[in-house]
Amino acid sequence: MLLLQKTLPSFTGSLVLLVQHNVCKLKNHGRFGSDTKFSGDGYFRKHLKSGRRYFSKSRGPFVSCSLVPSTSELSDARVIYCVAPAMGHNQESHPESNFRVPAIVSALEKMELSPMFRGSEILELHSFSPASVEDIASVHTKAYVSGLEKSMDQASQKGIIYIDGSGPTYATATTFQESLLAAGAGITLVDSVVAASKSSQDPPMGFALIRPPGHHAIPKGPMGFCVFGNVAIAARYAQRVHGLKRVFIIDFDVHHGNGTNDAFYDDPDIFFLSTHQDGSYPGTGKIDEVGHGSGEGATLNLPLPGGSGDIAMRTVFDEVIVPSAQRFKPDIILVSAGYDGHVLDPLASLQFTTGTYYMLASNIKQLAKDLCGGRCVFFLEGGYNLSSLSYSVADSFRAFLGEPSLASEFDDPAILYEEPSTKGGFHGWIPDLWTNVTEDCWGFIGNQIALPSLLR
C-alpha cells in the first residue's frame, strides 16, 4: 500500500472513496443488498415489473432466460460486461470480500471506462437472469446443489457457515442465490457475444465482473472461495444452447483451476489450459495431468515457478497457448481471469504486472478474432489487492478497446526482481517435464506423455 500511495496518491485516494460509495450504493440496491430476501418466485416476479427476466420452471430443463441487447446495441459495443458483486456473500477480513467488484466498478468510473463516459462503445448489461438449477447441474451434482440450497436456512440462523474447509469457503444466507446470479451473468454474456458474432466479424469482448469466483469448485462441492464453476457452466451452456462444440478455456489465475480441470478431464471437446504458480494452492495442476480417456491431451497444465513475470508469461503465451488454440480450432474462448498473480497481490509470489494483464487481454482478443469469430468472454476469478485488481481489470478493458495501456502509471519496476527465465534462458527454468514442449515434438510432454493428434 505504501508503494501505491507513493506512485499514485490521487488515484488511490479517489479509489478508496469511490469503493466506499459503490459499496453503500450496492448495499442499498434492491438486487444486491446484504439484507435482500430471496423468497423463490416472489423475488423474481418483483423484478419482472422493472424489465428483468428470470428463468421459469415452465420453460423446461436446460433453458435460461436472458435479456440479450438489441442488434444495434451489440453492433456499436466493443466491450460488454455484467456486474454481480454478491454484496450479501461476505465475511469480514476474508480476502474474497464484497469490496472486490465495487473496487473494479469504481476504477472503471474513475478512469472513464464506463458507459457514462464511452456511450455505446461500452455496454453494461443490467438485465440478466440467475442461472437455473439445471444449468448448474450440467457441471455440479444435483446432491451438492440441493444441499447448498438447504444449508441457507442454517446460514440465515448463524449469519455465516463454512461449506468447505479449504480456503476456507464460507456461505451466508444469500450465497446460493447470489451464486446463481453470478453464473447467470456469464451465461447472458455468452448469449450476447454469440448474438453479436452473427452480424459482425469483430463482436464485443465480454467480461463477467462477478463473485463468488468459480474455478476451484469441483463437481461435488465448493472449494477455495468458490461455490459454482462459472466458466465451466458457461462452457456447457455454449455447447448445449448455441451448438458451439469446441470450447477453449484459458485460466491465468495464480492458482490452478482444479474444479474446471476436473469437470472436463475426460472431455475431448473442451480444452482446458491453465497457467499457475507451481506448488501453490491447491497443489494440483502438474504438467503430467493431461486428461483421461477420450479427453487425454485436452488438458494442459503449465506450472510457473515463483518469481515468474512478464517475460515468462509472454513466452508461454506465444510458444504454448497460441499453438494449442490454433490446433484445437475452438468455436469460443472462455477465460478464467484471475488477477492474483500481480506482484502486489498478497496470496502468491509471481510478479506479473498490470502490463502483463494488458498483454494477455490484448492477445486473447486477437486469438479469438483469428480462430472463432471473436467470440470470447472473461470471468473474474481471483485478485485480492483491490488497487492492483481494479487497475489491471481497467487495463484489460483498454486492451479490449484497442487503446494504449496505462500500466506505466501504476506499475513500479523498482519492486521487481530478476525472473528465473532470464537466468540461463527460457528452458533453463521450466520444470523438467516441460522441456520437451517445443515446435518439433508437440506429440509429447516430458517423459513420453502423449498428447492427441490435435497437438501434433
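Points worth noting:
- Amide H contacts of Asp266 (H built 1.01 Å from N, under 5 Å, at least 5 apart or other chain): His292
- Once the Cβ-Cβ distance of Lys198 and Glu409 is raised to the sixth power relative to R0 = 56 Å, the FRET efficiency obtained is 0.90.
- Annotation: amide H of Tyr81 within the under-5 Å range of Leu123, Glu124, Leu125, Phe207, sequence separation 5 or more or interchain, hydrogens built in the peptide plane.
- Of Lys198/Lys369; Lys110/Lys369; Lys150/Lys220, those spanning more than 18 Å from alpha-carbon to alpha-carbon: Lys110/Lys369
- Phi-based couplings in Hz for segment 144-152 (Karplus 6.51, -1.76, 1.60; Gly and Pro marked x): 5, 4, 5, x, 5, 4, 5, 6, 5
- Stretching the chain fully between Arg327 and Thr141 yields a gain of 63.8 nm (0.36 nm per residue, less the alpha carbon separation).
- Highest mean packing first, where packing is the average number of other Cβ atoms within 10 Å per residue, the peptides 135-142, 109-116, 183-190 line up as 183-190, 135-142, 109-116.
- Backbone amide hydrogens, once placed in the peptide plane, bring Leu113 within less than 5 Å of nothing, excluding anything fewer than 5 places away on its chain.
- Rounded to two decimals, the Cα-based Rg/Rh of segment 252-410, with Kirkwood Rh, is 0.95.
- Whole-Hz Karplus values for segment 167-175 come out as x, x, 9, 10, 9, 10, 5, 9, 4 Hz, taken residue by residue from phi with 6.51 cos²θ - 1.76 cosθ + 1.60 and θ = phi - 60°; glycine and proline positions read x.
- In this structure, Lys150 and Glu92 have a Cβ-Cβ separation that, at R0 = 41 Å, corresponds to a calculated FRET efficiency of about 0.95.
- Pair Asp76, Glu121: separation of 7 Å Cα→Cβ label points (nm): 1.3 nm
- Estimated vicinal HN-Hα couplings, Hz - segment 227-243 in sequence order (Karplus 6.51, -1.76, 1.60; Gly, Pro = x): 10, 10, x, 4, 6, 5, 4, 5, 5, 5, 5, 4, 5, 6, 8, 9, x
- Bridging of Lys245 to aspartates and glutamates at a Cα separation below 14 Å is possible for Asp267, Asp269, Asp331, once same-chain residues fewer than 8 apart are set aside.
- For the pair segment 247-304 and segment 379-423, the centres of their Cα atoms are 24 angstrom apart.
- Relative packing of 79-92, 118-131, which averages over residues the other C-beta atoms within 10 Å, highest first: 79-92, 118-131
- Charge context of Ser166, other residues only, Cβ under 15 angstrom, K/R +1, D/E -1: -2
- Counting every pair of alpha carbons in segment 71-138, the share spaced more than 18 Å apart comes to 54 percent.
Values quoted throughout were computed directly from the atomic coordinates according to the rules given, and no laboratory measurement underlies them. What you see is a predicted model; the values in this text were computed from it and never measured. In this analysis, Cβ positions are derived from the backbone assuming ideal geometry, glycine residues included, and neighbour counts consider all displayed protein chains.
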